[in-house]
């Protein structure tokens, strides 16, 4: 999408830069160019894009930015725009990383970052005192655990069984399975991630 | 502090805001560049959230985290999951629900069929399987008993057959002795008659025309066909007009018998409708002239239903010229 001359002029003004960039829409062709910048192989490009997207989301979240997903879109839009304008980009990941830092600074300047005393008030997750929701969550958790293969379910439950003796239990499990502690940790958390995703879907459906 | 996560790990320190600006940037560069570092960050995120839910963070760490939670729905959802999971574990629900998990989870059919958790807690399928095993074992035991009884019965039959054979052998011996003594007696009578004739001749009285009637007898035992010997040789004395054959049978199961005697020059003599005596013996009388010297075989056939002939025994004997 081409910018009008007035919009082009506004590009010179840093204060309006954010507005100008946000007006640029990512077209299918531009998105295709962005993907191609990750890899000439379409499938690999998609995987790399999604992986990098996930990393950017966490980057913005842990920098205390609201609406991290939107900021990631802004970042990718800018990168895609540069590609469409013909700017040669050797390493799209490193370039995107740099753009993300700029977007972060812009966001902080806009004071989207909450003051600590506001944080507690705005934590929006449902109260655990709500019995119905708590029961529904437990029910969804049971269903999601039941969907896992029995050995995976047993692995997760055993791993998190006793916090006080966690190290002892983990050592024993790793020895029994013949894997390192870190490999066990990774395996268990991958299963936990699947259960988490399932539970959120279940709660949405409920 | 919980031992679920390593506080010294760089990812944890990053998440809890304990790195310097430069350290943060370096760590961010590493997780952007390396997927393994990023996975470690995601796992550390879960571990930090678990520690938060368990109230194991310091005030400063907790505030730092809550700032991030406030800005991220995704992190809030992770906290909600961690709380639910902790509640579930605290209530022992994962253990209790394990049975309902089994109900919900589509277990492979072979696990469902053969699921027998504990002796005191047999499932219906397990009880049925146990019953099948008991029935199978019972069938094996019964079969074993039946075979043993069959074996004993066969043993008894074999013993009876042996006794029959012994009995027949002794019977044959008795018959042989009796025949020999009869023959001796007949010969003695013949000699006395001859003497009488001679004495009468000396007295000038006419010689009586009455001819003494003599017979030669032979007793044949079963199996003699396979072991011919001198005991089966018969010398027909001069003057003997009759040959009596006593055929000893192993079993006398038929009402009537047929006897076929085959001799030299394909000569055959057949008798039918013969009966066995109580001593299981068939006796037949043949004219001495019908048995010229030579080797003979005798077949005894039992006459069964519908006049069907069944071989009972066979014998051999030899007529020896005097």
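Computed from the coordinates by the stated procedures, all read-outs in this text should not be read as laboratory data. As the structure is a prediction and not an experimental result, all values here were calculated from the model. Here Cβ is always computed from backbone atoms with ideal geometry, including for glycine, and neighbour counts include all displayed protein chains.
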What's the center-to-center distance, using Cα atoms, between region A:26-92 and region A:131-206 in Å?
-> 32
Protection proxy (average C-beta count within 10 Å per residue), highest first, orders A:67-74, B:180-187 as A:67-74, B:180-187
Could you sort B:19-26, A:90-97 so that the peptide with the highest average Cβ count within 10 Å comes first and the rest follow in order?
-> A:90-97, B:19-26
Averaged over the residues of B:60-70, the number of partner chain Cβ atoms within 10 Å of each residue's own Cβ comes to 5
What number in nm² do you get for region B:10-105 if you take the convex hull of its Cα atoms and divide its surface by four?
-> 7.8
Along the principal axes of its C-alpha atoms, what lengths does region A:143-206 span, in descending order and rounded to whole Å?
-> 39, 23, 18
Proportion of all alpha-carbon pairs of region B:18-66 beyond 18 Å (%) | 42
So, relative contact order of region A:131-205 in percent, Cα under 8 Å, 6 or more apart, is 42
Going from the fewest other Cβ atoms within 10 Å to the most, one would list A:31, B:215 as A:31, B:215
Percent relative contact order for region B:10-105, counting Cα pairs under 8 Å at least six residues apart, stands at 25
How many nm separate the modelled label positions at residue B:135 and residue B:148, each set 7 Å beyond the Cα in the direction of the Cβ?
-> 2.5
Taking each residue of A:34-46 in turn, how many C-beta atoms of other protein chains fall within 10 Å of its C-beta, and what is the average?
-> 0
Take each of the peptides B:49-58, B:275-284, B:260-269, average the number of other beta-carbon atoms within 10 Å over its residues, and list them starting from the highest.
-> B:49-58, B:275-284, B:260-269
